[in-house]
Amino acid sequence: MQEQHLYEYAVIRIVPSVEREEFLNVGVILYSRPQKFLGAMFTLNEEKLRALAPHTDINTIRPYLEAFVEISKGSEAGGPIGKLDMPSRFRWLTAMRSSVVQTSRVHPGFCSGSAADTLQRLHEQLVL
C-alpha cells in the first residue's frame, strides 16, 4: 500500500464583478508539506470569461495569474513574496481578498502519488 501524503489546495478564480459574486475557475494552487511541493497552474478560457463578463480586460488579468505561478515556484519573477518560505507563500496566495483574482477556501486532501500529478488532476477536474 502506498503512503498517503497530506496536501492543501485552493481554486484560483476570476471574479469580474465582485458585487455579483459570479466567478470562473481558472486555476489551482496546491501545497504539500510532506512532499515539499508548492505549485500552481491555470488555464484562462477567454471565451467563457467574455460570456460571463464581456468588458473584462483579459490582458490585465493574465499577469496576475502568471504571478501565482511564479510565486509558487519561488522564482525571482515572484518578487519579494516569491522569496518567502513555501508555507508562507501558500498562505499569502490563498489569503482572502476582494479583487478580480481570488482563491477559494483552502481544502485538504490525501494523495498516494506525486503532488504534481495531484495538481494536474485537480486542474483537469475543477478548471477544464
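No value in this document is a laboratory result; all are computed from the given coordinates. Values in this document were obtained by computation on a predicted structure and should not be read as measured data. For neighbour counting, all protein chains shown are included, and Cβ atoms are generated from backbone atoms with ideal geometry for every residue, glycine included.
What's the magnitude of the charge dipole for the chain around its Cα centre, counting Lys and Arg as +1 and Asp and Glu as -1 at the beta-carbon? Answer in Debye, nearest 20.
Value, rounded to 20: 260 debye.
Could you pull out every one of the aspartates and glutamates with an alpha carbon less than 17 Å from that of LYS48, ignoring same-chain neighbours closer than 8 positions?
GLU21, GLU22, ASP57, GLU124
Between ASN45, ASN25, ASN59, where does the largest GNM mean-square fluctuation fall for the chain, given springs only between Cα atoms within less than 10 Å?
Highest fluctuation among the options: ASN59.
Considering the options PRO34, HIS123, VAL11, tell which one lies farthest towards the positive end of the dipole of the stretch 5-126, charges being +1 on Lys and Arg and -1 on Asp and Glu at the Cβ, about the Cα centre.
Projecting each Cα onto the dipole axis, the largest value belongs to PRO34.
Only Cα pairs within less than 10 Å get springs; with that Gaussian network setup on the chain, which residue of ALA77, ALA115, ALA40 has the largest fluctuation?
ALA77
If the elastic network links every pair of Cα atoms under 10 Å, which of ARG50, ARG20, ARG62 fluctuates the most in the Gaussian network model of the chain?
Its mean-square fluctuation being the largest, the pick is ARG20.
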